[in-house]
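What follows is a set of notes on a single structure, which appears directly below.
Only the coordinates and a few stated rules stand behind these numbers; no lab work does. Everything numeric in this text was worked out from a predicted model, so none of it was measured. Every residue, glycine among them, receives a Cβ derived from its backbone with ideal geometry; neighbour counts consider all protein chains shown.
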Amino acid sequence: QNPKSSTVIVPMMVSPPPPPLDDPSVSNPLDCPPLRWGIIGCGRVSHDFTQALKHVPTASVVACAARSEDSAKAFAQKHKIQRYYGSYDDLLADEAVDIVYVGNMHSFRRSVGEKCLMANKHTLLEKPFTCSLEDARYLVDLARERNLFFMEGMWTRFFPAVEQARRLVLQEKKLGEVVSVFSDFNFNAADTDEYPTSILYNKSLGGGASLFVAPYPAAAASLFFEGRTPDSIKVVGQLDELSGVDLQGAAVLSFPATDKLPPALDKSQSDENTPKLPGYVGRFA
């Protein structure tokens, strides 16, 4: 079913979500409460996420949905999922679904995210969260209004190496005060995607480096600057004349006082895609 179909509003009768797994009250993250997942969008990213869920003892995928019932059926058979739907609304009406993972096209994140929240489903929305700040604010406000768990699916935040780095930098202060974060991420799209027909070059569907690549280095800032908001952002980049999408870019995010973050998306760089964290007393890479 087309994701632009009408939204079904369900009365708010949901219990508060459980505490985050990194909350001090949770002794063992693998002992998290049982969750029954529904998957919206049956492409590669949803496949990767579903594979990862199989390693969580208390998680189960009970349903999946795609715009094509055939695609949903194939996905269900591949992952041994009991129910599949050719309609997002049908999955959201499934009372066996506690929480929904949304992994469809970028341009539909707001409309599908809204559907999930209005159906009273806790939601994990794959990055990029939305294609605009306005849409992101709308969905966050809606989730708060309906008392629902709602998060961007930025997987790098949960890497064990990243969690350890955060402990060393933010709690144990091994570097002293962090003054800047250097982060870059890039890949050669010519190796995997046909130009100009790939979604990477489709501006209307949310293509381009700023939505496919930039969330990763940008997330590095929020991880080591404790959610602080930059007061100045400067960006340069290269646009593709045929498709109109951005092929590469570089940004400098200046935080209050003297802290600066310059993440780079330039695919021609030779540096590894690894954040580097200079502090007053050392450097972490």
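Overview of results
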| item | result |
| --- | --- |
| Net lengthening on full extension, residue 191/residue 254 (0.36 nm per residue, minus Cα-Cα) | 19.3 nm |
| Coil-residue trypsin sites (Lys or Arg not before Pro) of the stretch 50-134, DSSP, other Cβ within 10 Å capped at 13 | 54, 80 |
| Cβ charges +1 (Lys, Arg) and -1 (Asp, Glu), total dipole of the stretch 109-231, debye | 400 debye |
| Among 215-224, 180-189, 162-171, the order from most to least packed when residues are scored by Cβ within 10 Å on average | 215-224, 180-189, 162-171 |
| Positive-end extreme of charge dipole, the stretch 43-169 - chosen from 57, 136, 99 (charges on Cβ) | 57 |
| Sorted largest first, extent of the stretch 109-211 alpha carbons per principal axis (Å) | 44, 43, 23 |
| Trypsin sites (Lys or Arg not before Pro) lying in DSSP loop within the stretch 186-237, provided at most 15 other Cβ fall within 10 Å | 228 |
| The stretch 149-202 versus the stretch 206-223: alpha-carbon centroid distance in Å | 7 Å |
| Residue 135/residue 157 FRET efficiency (R0 25 Å; Cβ-Cβ; nearest 0.05) | 0.75 |
| Cross-link pairs 80/203; 80/127; 78/203; 54/173; 115/234; 78/127 - those with Cα-Cα distance over 29 Å | 80/203; 78/203; 54/173; 115/234 |
| Inter-label distance, nm, simple model (7 Å from Cα along the C-beta direction), residue 204/residue 78 | 2.6 nm |
| Net charge over other residues, Cβ less than 14 angstrom from the Cβ of residue 96 (K, R count +1; D, E count -1) | -1 |
